[in-house]
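Contents: one structure, followed by commentary.
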Amino acid sequence: GDDLMLHAQIVSFGQGRRLLVVRDITQVRRLEQVRRDFVANASHELRTPLTVVYGFLETLTRDSTVLPERWRRPFDLMTQQTLRMQRIIDDMLMLAQLEGDGGRGADSDVNVPNLLHLIRSEAIALSGSRRHRIEVDADPGLWLRGNESELRSAFSNLVGNAVQHTPDGSTITIRWRLQDDRPVLDVQDNGEGIAAEHLPRLSERFYRVDASRSRAKGGTGLGLAIVKHALARHEAELRIRSQIGAGSTFSCVFLPAAARPVPASEAVINA
Ligand code: ADP
């Protein structure tokens, strides 16, 4: 609308003197909105043509009598890259939605322990022959007030990253419990760790420690940006600790009030 948006800040400049600085950020916000809408619309528009391309590629590669031998590899590569494009577009769309005012908000009591077990099963299925050990240690009575699908994409991105960025056979521990009264999810791995200088930039879009390796593994470079925004919508924050040679821990830290005591009957049913 035509609402005026102001940004106010108190600036101290010695001897107890203070200045109130008020800036008109209406135009800035409007531009941000235009950018978000553009990304969301562009992603949405790109989906349909890509689905068609992917569909035909799949048909051509599935029937082994259609393609001459020398075309097999190029077609496999085209299929792979098309899938990659699809993942990038899906992630861009999700990010634009998370940044905007869309979405349904924190509208339900989310059974986090249940969700974590589900995410574990999916991650194991996806890791295939890489044989990661994934352990879940979750307080069964600790639920959250939140948006289930947003929390799900945040948590599964972290678990997916732990699988993707650690060597075969690594161990991943998912912990969900109260720490100092705050509900905290830790996703810990025993991979090679991340150098300290990268940590502050890790959740920027398309920031990767090793871009070519991330691409080769099918990463979009948007995972942690999605995590950060999904958590921000829950007034929660992402904390990253890592040690070279020892592994990394990604923690989602929620506000104390976000935890819902669960009625005993529900806790038993879902245990
Ligand atoms: P990507 O699609 O590359 O995983 P993300 O935004 O999810 O993009 O992550 C950004 C970068 O952070 C990754 O490219 C990787 O370098 C690093 N990273 C994320 N999780 C881990 C982890 N568990 N161990 C080591 N590095 C990680």
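Enter the mean projected area of the convex hull around the alpha-carbon atoms of the chain, in nm², rounded to one decimal.
Working: hull surface 82.2 nm².
Directional mean of the projected Cα hull area for the chain stands at 20.5 nm².
Here r is the Cβ-Cβ distance between Leu178 and Trp71 and R0 is 45 Å; the resulting FRET efficiency, rounded to 0.05, is 0.20.
For each of Leu118, Leu238, count neighbouring Cβ atoms within 10 Å of the residue's Cβ, then give the residues from fewest to most.
Leu118, Leu238
The calculated P(r) of the stretch 17-61, using every Cα pair and 5 Å bins from 0, goes 5, 17, 11, 11, 10, 9, 9, 7, 6, 5, 4, 3, 2, 1, 0 in percent.
For the stretch 124-237, taking Cα atoms only, Rg and Dmax work out to 14.5, 42 Å respectively.
Using r as the Cβ-Cβ distance of Ser212 and Leu19, and R0 as 41 Å, what FRET efficiency do you calculate, to the nearest 0.05? All intermediate terms of the calculation are to be shown ahead of the outcome.
Working: r = 49 Å, r/R0 = 1.19.
Approximately 0.25, to the nearest 0.05.
With a simple spin-label model that places each label point 7 Å from the Cα along the Cα-to-Cβ direction, the separation between Arg239 and Val253 comes to 0.3 nm.
Residues within the reach of a label modelled at Asp168 (point 7 angstrom out along Cα to beta-carbon, backbone nitrogen below 17 Å), restricted to the stretch 116-157, are 124-134. Close amide H partners of Gly193, meaning residues 5 or more places away or on another chain with modelled amide H under 5 Å apart, are Gly245, Gly247, Ser248. In the elastic network of the chain, a GNM with C-alpha springs shorter than 10 Å, the most mobile of Arg30, Arg177, Arg233 is Arg30. Largest mean-square fluctuation among Ser214, Ser248, Ser129, in a Gaussian network model of the chain whose springs join Cα atoms under 10 Å apart, belongs to Ser129. Computed 3J(HN,Hα) for the stretch 188-204, one whole-Hz value per residue from the Karplus formula 6.51 cos²θ - 1.76 cosθ + 1.60 where θ = phi - 60°, is 10, 10, 10, x, 7, x, 10, 5, 3, 5, 7, 3, x, 9, 4, 8, 6, glycine and proline marked x.
Over all alpha-carbon pairs in the stretch 114-185, figure out the percentage whose distance exceeds 20 Å.
On the way: 759 of 2556 pairs.
Distances greater than 20 Å cover 30 percent of the Cα pairs.
Sort Asp186, Asp139 by Cβ crowding within 10 Å, fewest neighbours at the top.
Numbers: Asp186 19, Asp139 15.
Exposure proxy ranking, most exposed first: Asp139, Asp186.
The dipole here belongs to the stretch 65-125: it is taken about the Cα centre, uses +1 on the Cβ of Lys and Arg and -1 on the Cβ of Asp and Glu, and is about 500 debye. Under a Gaussian network description of the chain, with springs only between Cα atoms under 10 Å, the residue in Ala162, Ala225, Ala211 that fluctuates furthest is Ala211.
Modelled spin-label separation between Glu135 and Arg35, with each label point placed 7 Å from Cα along the Cα-to-Cβ direction: 4.3 nm.
What per residue convex hull volume, in Å³, comes out for the stretch 69-131 when only alpha-carbon positions are used?
Numbers: hull volume 7.8 nm³, N = 63.
Hull volume over Cα atoms, normalised by residue count, gives 123 Å³.
Scanning the chain for chymotrypsin sites (Phe, Trp or Tyr not before Pro) in DSSP loops with at most 15 neighbouring Cβ atoms within 10 Å leaves 14-205 as the longest stretch between them.
Distance between the modelled labels on His44 and Arg87, one decimal in nanometres: 2.5 nm (7 Å Cα→Cβ projection).
For Ile172, nonlocal amide neighbours, meaning residues 5 or more places apart or on other chains whose placed amide H falls under 5 Å from its own, are Arg133, Ile134, Glu135.
Scanning the chain for long hydrophobic helices, with DSSP H runs required to stretch 15 angstrom or more by C-alpha along their axis and to average at least -1.0 on the Kyte-Doolittle scale, returns 26-62, 69-99, 112-127, 148-164.
Each value in this text was obtained by applying a stated rule to the coordinates, not by laboratory testing. These numbers were taken from a predicted model, which means no experiment stands behind them. Heads up, the Cβs are rebuilt from the backbone with ideal geometry, glycines too, and the neighbour counts pull from every protein chain shown.
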